[in-house]
1. From 166, 161, grab the single residue that is open to solvent by less than 20 Å² (accessible area, probe 1.4 Å) and in contact (Cβ under 8 Å) with a residue 40 or more places away in the chain.
2. Only one residue in 19, 45, 41 is free of Cβ contacts under 8 Å to residues at least 60 places away in the same chain, under 17 Å from residue 115 (Cα atoms) and acidic (Asp, Glu). Which one?
3. What are the pairs, 6+ residues apart or on separate chains, where a residue within region 65-89 that is farther than 22 Å from residue 169 by Cβ has its Cβ under 6 Å from a residue that is assigned to a loop (DSSP other than H, G, I, E, B) and open to solvent by less than 80 Å² (accessible area, probe 1.4 Å)?
4. Looking for whichever is within 14 Å of residue 173 (Cβ to Cβ) and open to solvent by 70 Å² or more (accessible area, probe 1.4 Å) here; the options are 20, 108, 46. Which one fits?
5. So, of the residues in region 114-132 that are part of a loop (DSSP other than H, G, I, E, B) and touching a strand residue (DSSP E or B) at 6+ places or on another chain (Cβ under 7 Å), which turns out to be most open to solvent (accessible area, probe 1.4 Å)?
6. Any residue in region 114-136 that is under 19 Å from residue 48 (Cα atoms) sitting within a Cβ distance under 8 Å of a residue that is assigned to a loop (DSSP other than H, G, I, E, B) and open to solvent by 70 Å² or more (accessible area, probe 1.4 Å)? List the pairs, counting only those 6 or more apart or interchain.
Amino acid sequence: MKLAFSVPDKIYYITNFLDYGTYKKIHHAAFNHGYLNETKDDWPDYLLKGYKSSPMRYNLDDFDPVNKIKILLSSNPWHAIPRDLNFHFVFHCMGDQSGINWHNDSGYEYGCTYYINKRWNRDFGGELIWSVPEYGNGFIPIWGNSMLILKAPVWHKVVPVMSPTVPRMTIQTFID
């Protein structure tokens, strides 16, 4: 693990988050996923307004490798998240023209994004843009086997994915 970027007590971007074997299991499962559920029926309209496509998802709470993610989120040296909180894991798949508008994960203490895509062209979009008034604005690139920890509330959005062939794949961890 390596801390690539941080905004103290708000944002932590960690590369090489999982061991290679666990990352490969998750990567393989992501590309061979089962049935995905639409988000447009469950999410507020403002999150998807203006996007031509909506993200797809499915629950991962019973997927064995997420336990390792929980352990590492709870023991990373930069911002350890208490283990006694509730962790909920969801696989998100964003295809061409999908994204998420500005939001701050209200109702959660943390919103974490584990990036699965091994190869991602920066022309494909899908970056997370963040805003923390005392630190300004920035973006997080998509880099496979990296973890983004946002301590809520941090305003952020995902810019549209612009790849007709390669979806943006993540594991979202919501913690309360």
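The values are calculated or read from the model by the stated rules, or taken from the named source; none is laboratory data. Computed from a predicted model, the values in this text were never measured in an experiment. All Cβ positions, glycine included, derive from the backbone under ideal geometry; neighbour counts span all protein chains shown. The protein model used for the area step is the full one, side chains on, heavy atoms only, and it has no ligands, DNA or RNA in it. Shrake-Rupley method; radii C 1.70, N 1.55, O 1.52, S 1.80 Å.
1. Working: 166 fails: open to solvent by less than 20 Å² (accessible area, probe 1.4 Å).
Within the list 166, 161, the selection yields 161.
2. Details: 45 fails: under 17 Å from residue 115 (Cα atoms); 41 fails: under 17 Å from residue 115 (Cα atoms).
None of the other options fit; the residue is 19.
3. Correct list of pairs: 74/80; 74/81; 86/176.
4. Working: 20 fails: within 14 Å of residue 173 (Cβ to Cβ); 46 fails: within 14 Å of residue 173 (Cβ to Cβ).
Testing whether each residue is within 14 Å of residue 173 (Cβ to Cβ) and open to solvent by 70 Å² or more (accessible area, probe 1.4 Å) leaves just 108.
5. In the first step, residues of region 114-132 are kept if they are part of a loop (DSSP other than H, G, I, E, B); the result is 116-121, 126-127.
From what's left, touching a strand residue (DSSP E or B) at 6+ places or on another chain (Cβ under 7 Å): 116-117, 126-127.
Numbers: 116: 2, 117: 4, 126: 0, 127: 38 Å².
Taking the candidates together, the pick is 127.
6. Close Cβ pairs (under 8 Å, with a partner that is assigned to a loop (DSSP other than H, G, I, E, B) and open to solvent by 70 Å² or more (accessible area, probe 1.4 Å)) amount to 124/162; 125/162; 126/162.
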